[in-house]
Amino acid sequence: MRMARGVLAHSLADTTRRGYRSAVSSLARFCEKYRLTLKFPVSADTLCLWMADRSRSLTYSSIRVYLHGIATSHVEMGLPSPIADCPIVWRMYKAVKRLQGSQAARKRLPITTAILDLLERHQDVSSTAGLAVRAVMWLNTCGLLRSGESAVRDRDSTVLRRSHLRFMSEAKEELRGNDICRAAYMVVHLARSKTDPFRAGTEVVVADTRAVSAMLAYLAAADDLRPDDPLFRSERGWALTVKELVAHTQRMLVAAGVADVHAYLGHSFRRGGATSLHLAGVPDSVIRIMGRWHSFAFARYIDTPLELLITAGRSMICTRGKRVAFAGEDFKPWA
């Protein structure tokens, strides 16, 4: 039994497990607050009281994740899930969702290559740290990277290192030393990725010339980087954090006069990469591969400009008076 539980523990990624531990901690704090005894298995009544209390500080989507975290903790302890076949728990969850109304998910706008071009004159190219920010912005958008894959979220995060970056020639040969200045594209090795559950590593190809140029300019300034050093360093000399990256990006957006600055967050780069490819006419099947998605769920990341929707709507008039094939027969919309 102990061996089976040990194997079962590997079913969750470290980040997922940390989130689930937070769920149990939240439940424990609730019980301590109201002087309740936390017992496993947790009763449905306790879960309902906890949801009602936390509905003031957690969104309904977070509560759902926490519920599954609490349930997983039970299963790994050999206890029955407290949310399976328990209608009252899900009725309470539905009530919380309704009370919070049509509270939309936090709006995230895409940082496309067009926006990066707009920000070019606001980039700090006089310092190594400024060049690092510019390089990581272009890398994230053109490589469709999650911000946590190029920068770090916390001390437990996997760090992208200098040795994880390679420059390639048109002949697909790796370039070294001064020869990297004639690179046709670059390859980034992600040691850990959300879409790589077996931690085999993932190779990301970035061929946008602006992204390659931004990286080369940064590395020319950061010529003291050793293979095991973090690829991107902040002004303090440490690995660049997601928080620092977002703060730098939002300051530049403000300087450029972009509206809704706070809607541009860490995931905006990945979203912007998918949107940029879509607007460039790249097939969805290729976007899916480039973004390392296992399905076409990425379509929800793509932001279609209003102007394009208006143009598409107006194009319907082109069918007026034309004969088209419909259900195997000739069909004329307006005679």
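The values are calculated or read from the model by the stated rules, or taken from the named source; none is laboratory data. In this text the structure is predicted, and so the values were computed from the model without any measurement. Neighbour counts are summed over all protein chains in view; Cβ atoms, including those assigned to glycine, are modelled from backbone coordinates with ideal geometry. To get the accessible areas, we keep the full protein, side chains included, count just its heavy atoms, and leave off ligands, DNA and RNA. Shrake-Rupley method; radii C 1.70, N 1.55, O 1.52, S 1.80 Å.
So here's what we get for this one:
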{"read-out": "Cβ-Cβ FRET estimate between Arg121 and Ala28, R0 fixed at 56 Å, reported to 0.05", "value": "0.65"}
{"read-out": "Positive minus negative residues near Asp228 (Lys, Arg vs Asp, Glu; Cβ under 10 Å)", "value": "+2"}
{"read-out": "Carbon and sulfur %, accessible surface of the chain computed with the full protein complex present, 1.4 Å", "value": "55"}
{"read-out": "Nearest-10 value in Å² for the accessible area of Ile302, using the 1.4 Å probe", "value": "30"}
{"read-out": "Computed [θ] at 222 nm, helices only, for the chain once each DSSP H run of length n ≥ 4 contributes -39500 (n - 2.57)", "value": "-13500 deg cm²/dmol"}
{"read-out": "Difference of contour (0.36 nm per residue) and Cα-Cα distance, Leu99 to Thr311", "value": "72.4 nm"}
{"read-out": "Extension reserve of the Glu173-Trp90 stretch, reckoned as 0.36 nm per residue once the Cα distance is removed", "value": "24.2 nm"}
{"read-out": "For the stretch 140-182: relative contact order, % (alpha-carbon pairs under 8 angstrom, 6 or more apart)", "value": "20"}
{"read-out": "Tail beyond 19 Å, pair distance distribution of the stretch 42-179 (Cα, percent)", "value": "70"}
{"read-out": "Where Cα atoms sit under 26 Å apart: lysine pairs in the chain separated by 8 or more or lying on different chains", "value": "9"}
{"read-out": "Cα pair distances exceeding 29 angstrom across the chain, given as percent", "value": "54"}
{"read-out": "Additional length obtainable on full extension of the chain from Asp284 to Arg166, 0.36 nm per residue less Cα span", "value": "39.8 nm"}
{"read-out": "Heavy-atom surface of the chain, accessible at 1.4 Å and reported per residue (Å²)", "value": "59"}
{"read-out": "The chain: relative contact order in percent, alpha carbon pairs under 8 Å with at least 6 residues between", "value": "17"}
{"read-out": "Spacing of the two label points (7 Å from each Cα toward its C-beta) at Lys39 and His262, in nm", "value": "4.4"}
{"read-out": "Separation in nanometres of the label points that stand 7 Å from Cα toward Cβ, at Thr209 and Val75", "value": "5.2"}
